[in-house]
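The values are calculated or read from the model by the stated rules, or taken from the named source; none is laboratory data. If you're wondering where the values come from, they're calculated on a predicted model, not measured in any experiment. Don't worry about glycine lacking a Cβ; one is built from the backbone with ideal geometry, like all the others, and counts go over all protein chains shown.
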């Protein structure tokens with residue numbers, strides 16, 4: 001799902017540093033001096049996973065325990081902020097005052113995920129510089145957009161964070177009702193808070209797949225004061241050519257993250273991903289899948305948050321090894337042409353079917369640059385193009401039409 005929502009006006013470019021000492025600059029986040037840090041991150045992220053709380057506790061005990069263990073305060077909050085690409089969207093004092101609030105936990109997680117992914121990508125690129133754009137939304141909230149464009153390895157890599165609030169437009173309310181949400185509005189208005197991290201990485205080399213991931217939290221307050229909340233997200237892979245070893249590695253890493261929280265998560269969310277990323281008018285999936293889920297609210301918040309955190313921490317180890325493996329692979333003009341045609345399919349899905357894109361475009365004050373960040377710099381459509389039977393191009397099409405189970 002694309003970026004939740006974005007802002008009307010662009011903010012300033014910021015240099016990473018302690019949150020209380022950030023100054024505006026024109027160019028930011030060179031990665032050459034952090035190469036070793038970025039590479040060590042791959043090991044740390046691959047090992048990182050937050051396990052669920054002990055099963056023997058009651059819901060009340062689990063909630064109290066989660067507040068103590070997850071709630072950042074004082075020096076810990078300052079330390080975490082220093083590693084982000086930009087300061088939090090929410091005022092620092094508000095974060096300090098609400099260490100046990102799920103909105104605080106989630107905002108810190110998505111900013112941390114953004115920073116981890118950006119540094120890993122910059123290290124893999126060999127010294128790339130991300131443009132960091134911190135913006136505000138007039139209707140409430142804002143975000144941080146980090147974009148790497150036309151670098152050594154990546155044609156376009158964007159990692160966005162949004163933390164927004166206000167009133168849901170009628171179109172978005174109707175969309176949620178079609179998903180079974182029974183929402184009570186007052187005078188047609190519905191206050192909401194939404195936050196998430198969303199990323200699409202389009203490499204130059206056709207042998208490196210495109211990856212998309214998104215993890216988000218949504219909270220609304222109904223007319224009677226009742227609050228509804230849910231989590232959503234997922235990570236999926238879109239290769240130009242099929243490399244089964246890469247796909248197995250990708251799915252196994254995601255499965256390992258899911259299995260820490262229960263055996264049913266991966267098979268359920270893998271199927272959900274295959275079903276969601278279907279280009280109906282083509283009869284093919286956008287890629288080779290991964291995991292996808294939405295409207296998760298049937299367990300205590302802290303348990304779902306722990307699961308979402310494990311999935312977010314799996315992004316770097318599931319993808320960066322594939323980038324390193326193929327970034328120097330030779331490729332032909334024919335390979336590049338096929339990549340452009342597959343990107344055309346990517347654009348079709350995002351503009352026609354993706355719920356996040358539709359939500360963002362329907363939300364007042366949307367920042368179009370961030371919503372459409374998921375689109376590649378270049379793509380191609382050829383009239384009646386069809387790959388030769390038995391070709392490498394036909395091989396990937398067969399997989400996209402009939403999804404496989406990559407791991408058990």
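What to note about this one:
- Count of residues meeting criterion [surrounded by 23 or more Cβ atoms within 10 Å (Cβ to Cβ), in a loop (DSSP other than H, G, I, E, B) and touching a helix residue (DSSP H, G or I) at 6+ places or on another chain (Cβ under 6 Å)] in region 204-240: 2
- Selection status of residue 361, modelled with pLDDT under 95 and over 25 Å from residue 230 (Cβ atoms): no
- Any chance residue 333 is surrounded by fewer than 18 Cβ atoms within 10 Å (Cβ to Cβ) and out of contact with any strand residue (DSSP E or B) (no Cβ under 6 Å at 6 or more places or on another chain): yes
- When each of 386, 298, 310 is tested for being closer than 26 Å to residue 102 by Cα and free of Cβ contacts under 8 Å to residues at least 24 places away in the same chain, the lone residue that passes is 298.
- Region 328-355, subset part of a loop (DSSP other than H, G, I, E, B) and farther than 14 Å from residue 155 by Cβ, residue nearest to the chain's Cα centre (by Cα): 354
Conditions tested, residue by residue: (1) surrounded by fewer than 16 Cβ atoms within 10 Å (Cβ to Cβ); (2) assigned to a strand (DSSP E or B); (3) touching a helix residue (DSSP H, G or I) at 6+ places or on another chain (Cβ under 8 Å); (4) modelled with pLDDT of 75 or more.
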| residue | (1), (2), (3), (4) |
| --- | --- |
| 148 | no, yes, yes, yes |
| 151 | no, no, yes, yes |
| 155 | no, yes, no, yes |
| 160 | no, yes, yes, yes |
| 163 | no, yes, yes, yes |
| 173 | no, no, no, no |
| 177 | yes, no, no, no |
| 184 | yes, no, no, no |
| 194 | no, yes, no, yes |
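- Filter pass, residue 253 being farther than 30 Å from residue 166 by Cβ, out of contact with any strand residue (DSSP E or B) (no Cβ under 6 Å at 6 or more places or on another chain) and in a loop (DSSP other than H, G, I, E, B): no
- Check on residue 375, without any contact (Cβ under 8 Å) to a residue 12 or more places away in the chain and under 25 Å from residue 163 (Cα atoms): no
- Checklist (1) modelled with pLDDT under 95; (2) closer than 26 Å to residue 118 by Cα; (3) over 17 Å from the mean Cα position of the chain (by Cα) applied to residue 324, failing item: (1)
- Helices (runs of 4 or more DSSP H) within region 52-141 that include 3 or more residues surrounded by 19 or more Cβ atoms within 10 Å (Cβ to Cβ) and at pLDDT 95 or above: 102-125
- Set 396, 371: member being in contact with a helix residue (DSSP H, G or I) (Cβ under 6 Å, 6 or more places away or on another chain) and within 25 Å of residue 282 (Cα to Cα): 371
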